[in-house]
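Coordinate-derived values only; no laboratory data. As the structure is a prediction and not an experimental result, all values here were calculated from the model. Backbone-built Cβ (ideal geometry, glycine too); neighbour counts: all protein chains shown.
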Amino acid sequence: MVPDALLPDAPLWRRIAALVYDSFLLFGLLMLFGYTAIGLESWMFGAGYVEKSPTAGGNPLVFVGMLVVICAFYCVFWLRNKQTLGMQAWRLQIETVDGSPLTIQHCIKRWLAGVLSFACAGAGFLWCLLPAHNTWHDSLSGTRIVVHEKR
């Protein structure tokens, strides 16, 4: 078995493939969260409230809740297994650059920087095409994504 420090950095296409896999699971979780949030809103304020709401169903608290669900999804998987289900399918794993154990701070920094990378038209992801092979969220969080050999 190859030590983690010698494992190759993940190429962009594998990272995107893992994101696509994870998006299917996240879509289901977000639908469940949205259904629950709208149900609670209807129960608390009445069924007509949601239909006549001035925000037309765009409650900012629901949006923030969805962001929390997405962040929690990644943080829980990264902290427990060092990989999400999509990363597992593509043999990817997160590790810290200095070899220290992964912490919640690493995960939250990585997720926030990943949102920034995505929000800039994906420029942060394209950064890994440069010789260093690091995305913005790799650099800003002190982590990296490696490819494991077949087991």
Measuring from its Cα centre, the chain shows a charge dipole (+1 at each Lys and Arg Cβ, -1 at each Asp and Glu Cβ) which, in debye to the nearest 20, is 220
By the 4.7 Å beta carbon criterion, which cysteine residues of the chain come out unpaired?
C71, C120, C128
Over the chain, what is the relative contact order in percent, taking alpha-carbon pairs closer than 8 angstrom and at least six residues apart?
31
Compute the acute angle (0 to 90°) between the alpha-carbon long axis of helix 12-45 and the principal axis of greatest extent of the alpha-carbon atoms of the chain; round to the nearest 10°.
20
At a Förster radius of 30 Å, what calculated FRET efficiency corresponds to the Cβ-Cβ distance of L116 and F45, to the nearest 0.05?
0.30
For helix 60-81, report the angle its Cα long axis makes with the longest principal axis of the Cα atoms of the chain; keep it between 0 and 90° and round to the nearest 10°.
30
Averaging over every viewing direction, what projected area does the convex hull of the Cα atoms of the range 8-147 cover, in nm²?
9.3
Projecting the Cα atoms of V20, W136, I104 onto the charge dipole of the chain, where Lys and Arg contribute +1 and Asp and Glu -1 at Cβ, the residue farthest towards the positive end is V20
Treating each Cα of the range 102-151 as an identical point scatterer and ignoring solvent, apply the Debye formula and state log10 I(q)/I(0) at q = 0.27 Å⁻¹.
-0.97
Tell me, what is the FRET efficiency for A89 and V68 to the nearest 0.05, using R0 = 22 angstrom and their Cβ-Cβ distance as r?
0.30
Dipole of the chain, positive end: most advanced residue of Y74, S42, N59 [Cβ charges, Cα centre]
Y74
What angle do you read, to the nearest 10 degrees and between 0 and 90, between the alpha-carbon axis of helix 104-119 and the longest principal axis of the chain?
80
